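Every number here is computed from the coordinates shown, using simple stated rules; none is lab data. Just so we're clear, the structure is a prediction, and the values are computed from it rather than from any experiment. Positions of Cβ are generated from backbone atoms using ideal geometry, with glycine treated the same way; all protein chains shown enter the neighbour counts.
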Amino acid sequence: MSKLQLMDDKVLVGLYQKGDQSAISELIRRYKQRIYSSIFFLVRNRELAEDLFQETFIKIINSLRKNHYNEQGKFLPWALRIAHNLVIDHFRKQKLMPLQHDSEEFSVFDILPQKEKNPVERIIHDEKMELVRALLDKLPKDQREVVILRHYGGLSFKEISKMLDININTALGRMHYAILKMREVMDEKKIRLKE
């Protein structure tokens, strides 16, 4: 493990602002999967997600260089807020809603890290991921957004409410209704997710 991997985000930000390029590389390595997955779940298009991911880190780098990073929160929620705002800006410009579906050749679940599984475990895992994708597709955009930020972005409800500029109770409510909706769909299909 390198020395940089042991440092917390605040120290890495400080080092980068003092000119250490390896510090930003470590931050990107540390959070690229979570940020990219969150973007992809919102836009559902691989090329667009990659473009917005790059734009996110360009904006992060520019903000850090100009000392516009505010250490009130953590680096990840700040970076995810930048990514989320870029997604919103993109769809405002395009006047589209991010309701596209996974394509047959690509799914975000294909890039999420997996532990080595035997063939049976892989089949079970793939079936579960297909079910989760289908359940997420059934949710309204605002509920899906909260689920994605909570479970794939790893944000707290307080961080989600701040990012989406909503009351914390609204974030909790959206998660609650999302879970109810997903359970309802599962009950209708008599499906159970087992660990």
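Miscellaneous remarks
- Across Lys18/Lys59; Lys66/Lys141; Lys10/Lys141, pairs whose alpha-carbon gap is larger than 23 Å: Lys66/Lys141; Lys10/Lys141
- Only the Cβ atoms of Lys and Arg (+1) and of Asp and Glu (-1) were treated as charged; on that basis the dipole of the stretch 115-189 about its Cα centre amounts to roughly 160 debye.
- Computed lengthening from Glu184 to His151, 0.36 nm per intervening residue step minus Cα-Cα distance: 9.9 nm
- Inter-label distance, Val11 to Lys128: 3.5 nm, where each label sits 7 Å from its Cα along the C-beta direction.
- With a Förster radius of 41 Å applied to the C-beta separation of Lys141 and Met1, the computed FRET efficiency comes to 0.55.
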